[in-house]
Amino acid sequence: LVGNPIAGIDPEELVDTRPFCDEFTAKLTNNGNGNPEFANLPRKFNVCYIGSKEMYEHPDINDIAYLPSKGPNGEMGWHIEVGGLLTSTLCEFAVPLNAWVPQDKHWELGAAILTTFRDYGYRYNPRTKCRLMYLINDMGIEGFRAEVAKRYKDQTGSDLPTADGITKLVPETWKRRELLGAHEQVDGKNWLGLHVPAGRFYADELKELVEICESYGAGEMRMTVESNLILPHIPADKLDAVRAAVKAKLPRISEAPATIAKGSVSCTGTQFCGQSKINTKGNTVKFAEILDSKFDFPEGHDVRLHWTGCPNTCAQVQIGDIGLLGTT
């Protein structure tokens, strides 16, 4: 479950995704106490709430994607896409459910989708099909929507609205804003985006980073889906000191990494995952260093290079500009 990494501080925010992520998590897990209603979900079931036009959350590859929009009467809500997945046997982007719900009915729709999958989706026969899109393909999108709509009405007493007449708040075309580096927040403070090579962060580095955050009174750090870090709420008069401290104490961590290093994404790899066939983390860092030392890339042109250690594709090799899959 992911939301906008700069939720609540984004000066161009469409929706603050934090309360919706929190409520979804609380309902799904019974406030962390366990919820038997949803105890039979598959190993992967991805949900995201989109909070900005950049769609940092990657809705196309989520099982449920909530996208901000206004209903026919101007009420804020969500239109829904479902079924996105990347696997060794099937890769498909999420498809429209032809559904719109007010903001305060997001969980009811999510529960209707989850329980439909719980009751009808694949599990072990075969295990390779235990993702939502396989069920949608079996039922057809209209049949799937009809079952979801029935369950939604059972919870709310209302029919599930269609997406007819809605106003989508994410434009068709946009230029992606940079998360790394220093940026002014909506409240006048700043966030500092930091690149973590291959997404691997060490305990001694974390200790240093906590001390840096405490130096300006921050109570949180954030992560992006690319496993980079965001330090929010830095006062303007302390920004230079924070940047200098990061540079001095965390030499691996950078505001402005080289092109290949910046665009590299890696799964856990053999060191900590029994499924992986290769050392993805180590190879990711070494390969990026070699390529960045040999080639110059045009400014403003990113290259996404994804490493995954097995066909489960946790590092999503299918959507990189270059995808490397570990095999035996």
* **Degrees separating the helix 18-29 axis from the principal Cα axis of the chain, which is the longest one** => 60
* Structure fact -> Taking 8-16, 271-279 and ranking on average Cβ neighbours within 10 Å, highest first, one gets 8-16, 271-279
* Asked: Which value, in debye to the nearest 20, gives the size of the charge dipole of the chain about its Cα centre, when Lys and Arg are +1 and Asp and Glu are -1 at the Cβ?
  -> 1100
* Structure fact -> At the level of C-alpha centres, the distance separating region 210-249 and region 284-318, in angstrom, is 26
* **Qualifying lysines (Cα of each under 25 Å from Cα of Lys277; at least 8 residues distant if same chain)** => Lys44, Lys129, Lys262, Lys286
* Structure fact -> Over the chain, with neighbouring protein chains present, the accessible area per residue in Å² at probe 1.4 Å is 49
* Asked: Hey, what number do you get for the chain at 222 nm if only DSSP H runs of n ≥ 4 count, each worth -39500 (n - 2.57), divided across all residues, to the nearest 500?
  -> -9000 deg cm²/dmol
* For Asp240 and Lys175, what is the calculated FRET efficiency with R₀ set at 41 Å and r taken between the beta-carbons, to the nearest 0.05? -> 0.90
* On a 0 to 90° scale, report how tilted helix 280-294 is relative to the longest principal axis of the chain, with both axes built from alpha carbons and the result rounded to the nearest 10. => 60
* Asked: Considering the dipole of the chain built from charges on the beta carbon (Lys and Arg +1, Asp and Glu -1) around the Cα centre, which of Ala203, Ala258, Thr328 is farthest to its positive end?
  -> Thr328
* To do: Could you pull out every one of the lysines with an alpha carbon less than 25 Å from that of Lys70, ignoring same-chain neighbours closer than 8 positions?
  => Lys27, Lys53, Lys105, Lys150, Lys153, Lys168, Lys175
* **Folded to 0 to 90 degrees: helix 106-120 orientation relative to the chain principal axis, Cα** => 70
* To do: Leaving ligands, DNA and RNA out of it, report the carbon-plus-sulfur percent of the accessible area of the chain at a 1.4 Å probe.
  => 51
* Ranked highest first by the average count of other Cβ atoms within 10 Å around their residues, in what order do 304-311, 229-236 fall? -> 304-311, 229-236
* Asked: What ranking do 139-150, 214-225 get when scored by the average of other Cβ atoms within 10 Å per residue, highest first?
  -> 139-150, 214-225
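The values are calculated or read from the model by the stated rules, or taken from the named source; none is laboratory data. Note that the coordinates shown come from a computational prediction; the quantities given were computed from them, not determined experimentally. As a convention, Cβ positions derive from the backbone with ideal geometry for all residues, glycine included, and neighbour counts pool all protein chains shown. The accessibility values were calculated without ligands, DNA or RNA, using every heavy atom of the protein model including side chains. Shrake-Rupley method; radii C 1.70, N 1.55, O 1.52, S 1.80 Å.
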